[in-house]
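Scroll down for the structure; my scribbles are underneath it.
The values are calculated or read from the model by the stated rules, or taken from the named source; none is laboratory data. Keep in mind it's a predicted model, so treat the numbers as computed, not measured. Cβ sites come from the backbone with ideal geometry, for glycine too, and all protein chains shown count toward neighbours.
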Amino acid sequence: MTHVAVDEILKTPDQERRDRLILALLAIGTRLVPTSAFALDTSRLDPAKLGSDAANSALDEFMEGNQGHLHDALIATTARDRSMVFATAEKSRGLVRPLENRSTRQGFPVSRTPL
């Protein structure tokens, strides 16, 4: 898990949901890994590393020109670089799952979770 994902969980406004998420991560032995790329104003110095050209390129491809996708791009790029699956609990908008679709187009393995 990256610091970006931890930061997102800590911002969960529903205390009970936040507690369940943290306990679930602890129960499965989640460990913190550095992100595969570094983004100003988002990345933390210790749990992030400067990205290779390939990681930075993948980050840009995932964002598709939209800075709003930066957090997801950092998490997904790190998962792909570490041969891990990018898990998402993205809510469907009808048949459309923008994050899952973008991930699949960029070659990121995706797993949908019920969290």
### Message
Going residue by residue through the range 49-61, is there one that turns out to be touching a His at 6+ places or on another chain (Cβ under 8 Å), on the phi < 0 side of the Ramachandran plot and not basic (Lys, Arg)?
### Response
no
### Query
If we keep just the residues of the range 1-13 that are among the hydrophobic types (A, V, I, L, M, F, W, C) and in contact with a helix residue (DSSP H, G or I) (Cβ under 6 Å, 6 or more places away or on another chain), which is modelled with the lowest pLDDT?
5
### Query
So, in the range 14-29, of the ones that are part of a helix (DSSP H, G or I) and either among the acidic types (Asp, Glu) or touching a helix residue (DSSP H, G or I) at 6+ places or on another chain (Cβ under 6 Å) (or both), which residue ends up modelled with the lowest pLDDT?
21
### Task
Look through the range 30-68, keep the residues that are among the polar types (S, T, N, Q) and outside any loop (DSSP other than H, G, I, E, B), and return whichever of them is surrounded by the fewest Cβ atoms within 10 Å (Cβ to Cβ).
67
## Note on the structure
If we keep only residues of the range 61-115 that are more than 14 Å from the chain's Cα centre (by Cα) and charged (D, E, K, R), then the residue modelled with the lowest pLDDT is 93
### Message
Which pairs turn up if I take residues in the range 26-45 that are more than 13 Å from residue 59 (Cα to Cα) and look for partners that are in a loop (DSSP other than H, G, I, E, B) and of a type in the set (S, T, N, Q) with beta carbon separation below 8 Å, at least 6 apart in sequence or on another chain?
### Response
32/2; 33/2; 34/2
